[in-house]
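The values are calculated or read from the model by the stated rules, or taken from the named source; none is laboratory data. None of the values given here were measured: they were computed from a predicted structure. Note that we place each Cβ from the backbone using ideal geometry, even for glycine, and neighbour counts take in every protein chain shown.
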Amino acid sequence: MSGNPMITLALSKGRIFDDTVPLLEAAGIPVDPSELESRKLILPTGDPLLRLVIVRASDVPTYVQYGAADIGVAGKDVLLEHGGEGLYQPIDLNIARCRLSVAAPSGFDYAQAVRRGARLRIATKYVESARRHFAAKGVHVDLIKLYGSMELAPLVGLADAIVDLVSTGSTLRANDLVEVEKIMPISARLIVNQASLKTKAARLQPLLAAIAAAVRKD
Ligand code: ATP
Ligand code: MG
């Protein structure tokens, strides 16, 4: 293919979209956020050769992996669960920052349970990351996969503790949960389809450079 191919960027609604729009604008690519209200799933940008596709956060790596999107914005949490096949992960965008943590009801002595070698029931959406974390600590766990509202699980006896994303901690506090262990910091990454990186290099390289230059360092 010659010259000027269209580039497709996959991202999710909500905080990823809200944090990516200013980054694209800083990179010289205006996006009209009201386009989202149209409920269209393919949105134009101020650059006629860059379009956005709106997908579920956990589907972003899949679109990029198969080349349906050339690039995508996905949280490190999502990438750790997905695995990295077919993806090139060049830029930490330093947006949608939070951390992956273990949280437990305030009345549950997590540290003591770990010292005793108790087997823990852990509810989480992040089973791969949780499995790795507890294996590295030598803690035996039964992992219960959930798709949302992890905070509820310990309150109704489904689990002893949860592994979830935490930013301010207000959701935990509202449910009488305490962050008992930080697993890792999380931020969104720009991922790139490996084939696109070769076939659309002339167009992608400057775009990636502009986005990298717009990343806030702090
Ligand atoms: P869905 O709402 O479609 O089930 P989701 O809950 O993963 O998917 P979001 O809540 O928008 O969608 O989260 C998208 C990404 O934003 C997450 O993968 C994570 O990287 C990041 N994120 C999630 N929670 C927070 C938070 N509290 N603070 C900052 N970033 C967060
Ligand atoms: Mg959510």
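Descriptive notes on the structure:
- Some residue of the range 113-121 being within 15 Å of ligand 1 (Cβ to nearest atom) and either aliphatic (A, V, I, L, M) or outside the structural domain of Val78 (by TED's automatic domain parsing) (or both): no
Every residue, every condition in (1) surrounded by 13 or more Cβ atoms within 10 Å (Cβ to Cβ); (2) modelled with pLDDT under 95; (3) more than 29 Å from Lys198 (Cβ to Cβ); (4) of a type in the set (A, V, I, L, M), yes or no:
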{"residue": "Thr8", "(1), (2), (3), (4)": "yes, no, no, no"}
{"residue": "Leu11", "(1), (2), (3), (4)": "yes, no, no, yes"}
{"residue": "Pro22", "(1), (2), (3), (4)": "yes, no, yes, no"}
{"residue": "Ala27", "(1), (2), (3), (4)": "yes, no, no, yes"}
{"residue": "Leu36", "(1), (2), (3), (4)": "yes, yes, yes, yes"}
{"residue": "Lys40", "(1), (2), (3), (4)": "no, yes, yes, no"}
{"residue": "Val53", "(1), (2), (3), (4)": "yes, no, no, yes"}
{"residue": "Ala57", "(1), (2), (3), (4)": "yes, no, no, yes"}
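- Condition met for Leu204 (part of a helix (DSSP H, G or I) and either in contact (Cβ under 8 Å) with a residue 60 or more places away in the chain or surrounded by fewer than 20 Cβ atoms within 10 Å (Cβ to Cβ) (or both)): yes
- The range 160-201, subset assigned by TED's automatic domain parsing to the domain that holds Lys76 and without any contact (Cβ under 8 Å) to a residue 24 or more places away in the chain, residue surrounded by the fewest Cβ atoms within 10 Å (Cβ to Cβ): Lys198
- Residue that is nearest to ligand 2 (Cβ to nearest atom), among those in the range 126-149 that are part of a loop (DSSP other than H, G, I, E, B) and without any contact (Cβ under 8 Å) to a residue 40 or more places away in the chain: Gly148
- Residue within the range 49-64 that is without any contact (Cβ under 8 Å) to a residue 12 or more places away in the chain and of a type in the set (S, T, N, Q) present: no
- Test for Leu204: is it away from ligand 1 (no atom under 14 Å from the Cβ), touching an Asp or Glu at 6+ places or on another chain (Cβ under 8 Å), in the same structural domain as Gly86 (by TED's automatic domain parsing) and under 23 Å from Val64 (Cα atoms): yes
- Taking the listed residues Arg173, Arg121, the one that is among the charged types (D, E, K, R), part of a strand (DSSP E or B) and either out of contact with any helix residue (DSSP H, G or I) (no Cβ under 7 Å at 6 or more places or on another chain) or over 18 Å from Leu80 (Cβ atoms) (or both) is Arg121, with no other qualifying.
- Test: Ile162 is among the β-branched types (Val, Ile, Thr) and under 22 Å from Thr62 (Cβ atoms): no
- The range 144-159, residues that are more than 15 Å from ligand 1 (Cβ to nearest atom), surrounded by fewer than 18 Cβ atoms within 10 Å (Cβ to Cβ) and closer than 26 Å to Ala57 by Cα: Ile144, Leu158
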